[in-house]
1. Which of the residues belonging to the stretch 366-377 are under 15 Å from Asp316 (Cβ atoms) and near ligand 1 (Cβ under 10 Å from one of its atoms)?
2. State yes or no: is Ser307 out of contact with any Ser or Thr (no Cβ under 9 Å at 6 or more places or on another chain), surrounded by fewer than 18 Cβ atoms within 10 Å (Cβ to Cβ) and of a type in the set (Ser, Thr, Tyr)?
3. What is the one condition in (1) touching a residue at least 12 places away in the same chain (Cβ under 8 Å); (2) closer than 27 Å to Lys138 by Cα; (3) of a type outside the set (A, V, I, L, M); (4) not in a helix (DSSP H, G or I) that Glu54 does not satisfy?
4. Which one of these is assigned to a helix (DSSP H, G or I), at pLDDT 95 or above and among the charged types (D, E, K, R): Glu368, Glu436, Glu378?
5. Can you pull out the residues in the stretch 233-258 that are surrounded by fewer than 14 Cβ atoms within 10 Å (Cβ to Cβ) and under 24 Å from His306 (Cα atoms)?
6. Taking the stretch 196-218 as the search range and keeping residues that are within 16 Å of Leu242 (Cβ to Cβ) and surrounded by fewer than 21 Cβ atoms within 10 Å (Cβ to Cβ), which one is modelled with the lowest pLDDT?
7. Any residue at all in the stretch 252-259 that's more than 19 Å from the chain's Cα centre (by Cα), in the same structural domain as Arg185 (by TED's automatic domain parsing) and touching a residue at least 40 places away in the same chain (Cβ under 8 Å)?
8. Is it the case that some residue within the stretch 373-387 is within 26 Å of the chain's Cα centre (by Cα), hydrophobic (A, V, I, L, M, F, W, C) and away from ligand 3 (no atom under 16 Å from the Cβ)?
Amino acid sequence: MMVDDEPVMLEIVQVLLEEEGYRHFVSVDDSTRAIDQLVQSNPDILLLDLDMPEVDGFEVLSRVRKLEDYQYLPVIILTASENPVNKLRALELGATDFLSKPVDPSELALRIRNTLAAKAYQDQLTYYDNLTGLPNRKLFTSHLGKAIAQAQQDNRNLVLLEIGLDYFQNINETLGVQGGDRILRSVAERLLGVIRGNDIVGRSSLSLPIENTARTGGDEFSVALYGNDSVENASVVCNRLLAAIRNPFDLDGENVHLTASIGIAVYPDDGEEADALIKHAASAQDFAKKQGRDRFQFYSSEMEAHSRALIKMMADLKTALQEEQFELHYQPQIDVASGAITGMESLIRWIHPQDGLIPPLKFIPVAEEIGLISEIGEWVMHEACCSASEWNAAGYSDLRVSVNVSARQFADAKFKASVESALRSSGLDPRNLVLEITESMLVGDTDQLAVLLHDIRDLGVSFSLDDFGTGYSSLSYLKKFPIDELKIDRSFMLGVPANPDDNSLVRAIIAMAHSLGQQVVAEGVEEAAQMEYLGQHGCNTVQGYYYSKPLCATDFGDYLAARVEHPGARRSGT
Ligand code: C2E
Ligand code: MG
Ligand code: MG
């Protein structure tokens with residue numbers, strides 16, 4: 001762009017530059033319009049006359065430098081004056097270079113070429129991510145703003161995808177930063193492959209030629225989709241992006257597995273400005289992560305409400321322990337052969353002062369997420385051991401209590417000590433404590449965990465494998481870990497005895513467990529027919545509504561007393 005009050009000068013320079021191959025020359029002969037024109041045409045370089053009526057070149061230059069986006073725009077001053085004071089003043093205001101009038105054609109061409117080369121280098125550093133070569137957040141946001149203006153003009157939608165790699169920190173930790181960088185480069189290539197390979201995106205980006213993929217944070221990428229059917233297309237594109245990342249990466253012959261979570265926000269429904277869209281796409285991504293990762297999520301106001309509820313729950317959980325809002329309930333476990341109570345599973349309840357009873361499946365995952373599970377688990381362990389110890393002392397000897405333990409608790413270095421402390425302070429015989437763990441924590445790189453479980457078992461405590469049959473197909477871990485008991489998941493019990501497949505599975509699990517020297521507990525037993533079937537096939541223990549729902553400690557005490565008086569009694573459906 002050139003600003004000069006002499007139209008002839010403008011014409012001469014335009015002709016010279018077009019001969020050199022430069023396109024898009026913007027002439028401004030009225031310097032009062034210089035700034036508006038600059039913002040509108042966003043030039044790569046500004047040629048500026050100093051001596052102009054109304055607004056002179058100094059004034060234009062100082063206004064340009066006050067605009068954030070144009071602080072570093074190359075400005076070449078064209079002047080007939082050789083006055084060193086003028087030059088100095090222009091330099092102070094941020095001029096990049098000078099050219100004397102009349103203009104020498106080859107000098108003009110050379111100066112412009114060098115200045116633009118320097119600008120291109122500077123732009124690369126300022127606006128692009130040097131690892132992947134993609135636009136960075138700054139440039140992407142500026143492109144997004146322009147794309148939004150265009151979409152508004154054309155009365156069209158625009159879709160923003162915020163893509164976050166799941167657990168990328170682990171990759172950096174295991175493969176080192178260099179390995180992580182190589183993976184990031186491959187991710188960028190794959191994303192571009194999907195975006196370019198996509199008809200709609202390809203076609204529409206032709207009509208709106210701005211770069212639409214960016215690396216906008218350490219492990220964050222952004223994509224903008226334009227076009228009439230961009231919204232309908234968003235899920236297709238997301239599925240392809242997710243599949244592209246799920247495909248293992250080859251790092252020197254080693255397979256590296258990675259997944260991503262994508263948040264989607266749509267202009268204008270989810271925001272009319274770049275910042276609002278980015279914020280909403282990011283909270284949709286957050287939601288996708290909380291829903292289990294490796295998925296995409298459209299922004300929605302319900303989601304926002306859900307997130308708000310989650311944030312409230314996180315805050316409320318932090319005070320729930322001090323304010324004694326947790327209760328531990330107990331569900332009896334019955335020996336199938338004798339009908340005697342052998343023990344009870346402890347199940348936590350949260351009685352929220354406003355929201356009432358919140359079931360564990362709702363708040364345990366949140367407590368895990370915010371790192372409160374160890375503290376809560378410690379309370380559960382202590383409470384369960386104390387109750388069991390009291391019931392044992394009251395004459396119901398050898399009652400065993402089962403305590404559910406989250407995978408996260410085992411990662412806590414103090415876990416073993418907290419088991420010992422609960423045993424010591426309650427006086428419970430370690431043989432009467434059973435820790436329930438789940439299959440999912442026993443897969444993968446678990447050598448250390450196996451050592452820890454063996455250590456804890458040496459205290460005299462036993463382990464039960466909860467929800468057995470729902471997790472993993474490989475059973476090799478059954479040999480590696482010290483497991484004393486399998487709990488057949490409730491989902492299998494639903495079909496017993498009507499469904500032959502469920503029956504076969506239940507029989508197979510019982511046979512397998514017994515041949516490994518393990519006991520079998522069936523959970524979720526609700527009917528006499530299920531009891532009968534389990535009895536016939538050698539299941540050791542049952543637990544379920546058929547006998548009793550989980551009861552608070554006082555009710556459980558009453559239940560124990562009643563069963564001793566009337567051993568056959570059940571307390572079902574209450
Ligand atoms: P789980 O350990 O598999 O517990 C069994 C769940 O099945 C309990 O749900 C129990 O109330 C329910 N149940 C028992 N018998 C029947 C039946 O006959 N029919 C039906 N429909 N349901 C039955 P609850 O108490 O809501 O607990 C859900 C899960 O929350 C537990 O599954 C366990 O994974 C977790 N949990 C509970 N308490 C704790 C705790 O103190 N710590 C940890 N980490 N997790 C816990
Ligand atoms: Mg359990
Ligand atoms: Mg279970």
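1. Answer for the stretch 366-377, where residues must be under 15 Å from Asp316 (Cβ atoms) and near ligand 1 (Cβ under 10 Å from one of its atoms): Ala367, Ile376.
2. no
3. Answer for Glu54: the failing condition is (2).
4. One residue alone meets the criteria, Glu378.
5. Result: Ser235, single match.
6. Per the criteria, the residue is Asn198.
7. No; the residues of the stretch 252-259 include none that is more than 19 Å from the chain's Cα centre (by Cα), in the same structural domain as Arg185 (by TED's automatic domain parsing) and touching a residue at least 40 places away in the same chain (Cβ under 8 Å).
8. Yes - at least one qualifying residue is present in the stretch 373-387.
The values are calculated or read from the model by the stated rules, or taken from the named source; none is laboratory data. Quick caveat: nothing in here was measured; it's all calculated off a predicted structure. FYI the Cβ positions are ideal-geometry reconstructions off the backbone, even for glycines, and counts take in every protein chain you see.
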